Amino acid sequence: MSSNPYEKPDFYSSAIAAGRHRDIVGGRWDETGRVQMSILQQAGLKPHHHLLDIGAGALRLGCKAVPYLARGHYWATDASRAILLAGHREELTDPQQLDEAQLIEDTGFRFPGVSDCITHAIAFAVFPHLTMDCLRRALIELRRFDHLETLLFTVFLAPDAATAQAPYRQRDGVVTHAGRAPFHMLEEDVAALALACGWTQTRKNVMLPRGQVLFVARPLGR
């Protein structure tokens, strides 16, 4: 059985019915949303840009990004459209600012129906729950967006190859693993994977919730 709680039957529907749509996206709702907006703006996001929020959940970032961006410039994907719609219903000050058609269910990082105009993308606290193959797939699929300038994503890191084979306690107390969620990776593996998929990447030394590490990636050749 998977150790990933998001894959359990009725996980989303039960949480939404109980009014827990904020809790299941990792807690620290306002703090994490503010962090996400801050790192996006530091990476150059302006109101005229087009943002793709990957693994957007209940719009923890979206409730801040939608009012900031020009109308229609925010797109969100998640494995559950129900949680996206719960965020649209409960968390947006003005739900009419965001067309529900821009909230897209996507279980395989294929980004179906997402606008070709995307200039910035973020996957915050997504890949720590998933295998490295999911990050590879996302990096490959995102290359098709011709206007995409910047991708921000977070992972947990282990400090060295020896440590990476065992459970590792992160700075914020989370215990990560090589073979089950939450996963950790080696920094050199992140770099090699990004390069193989057509990206340059830079590690950013910013303090993130739960000890995640931020990488900023840009498409090679653009």
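The values are calculated or read from the model by the stated rules, or taken from the named source; none is laboratory data. Keep in mind that this is a model prediction, so the values were computed, not measured. Neighbour counts are summed over all protein chains in view; Cβ atoms, including those assigned to glycine, are modelled from backbone coordinates with ideal geometry. Heavy atoms of the whole protein, side chains included, go into the accessibility calculation; ligands, DNA and RNA do not. Shrake-Rupley method; radii C 1.70, N 1.55, O 1.52, S 1.80 Å.
Couple of notes before you dig in:
- Options Arg110, Arg203; residue that is over 24 Å from Pro47 (Cβ atoms), open to solvent by 20 Å² or more (accessible area, probe 1.4 Å) and part of a loop (DSSP other than H, G, I, E, B): Arg110
- Residue within segment 166-185 that is part of a helix (DSSP H, G or I) and either surrounded by fewer than 16 Cβ atoms within 10 Å (Cβ to Cβ) or among the aliphatic types (A, V, I, L, M) (or both) present: no
- In segment 8-56, residue modelled with the highest pLDDT [restricted to those that are of a type in the set (Asp, Glu) and exposed (fewer than 13 other Cβ atoms within 10 Å of the Cβ)]: Glu31
- Selection status of Glu149, more than 30 Å from Gly72 (Cα to Cα), open to solvent by 70 Å² or more (accessible area, probe 1.4 Å) and among the charged types (D, E, K, R): no
- Among the residues of segment 154-165, just one is polar (S, T, N, Q) and open to solvent by 60 Å² or more (accessible area, probe 1.4 Å), namely Gln165.
- Options Leu139, Leu59; residue that is assigned to a loop (DSSP other than H, G, I, E, B), under 20 Å from Thr154 (Cβ atoms) and at pLDDT 95 or above: Leu59
- Failed item, numbered, when Gly72 is tested on (1) touching a residue at least 60 places away in the same chain (Cβ under 8 Å); (2) over 26 Å from Val155 (Cβ atoms); (3) open to solvent by less than 40 Å² (accessible area, probe 1.4 Å): (1)
- Selection within segment 75-107 - open to solvent by 60 Å² or more (accessible area, probe 1.4 Å), part of a loop (DSSP other than H, G, I, E, B) and not polar (S, T, N, Q): Asp94, Asp99
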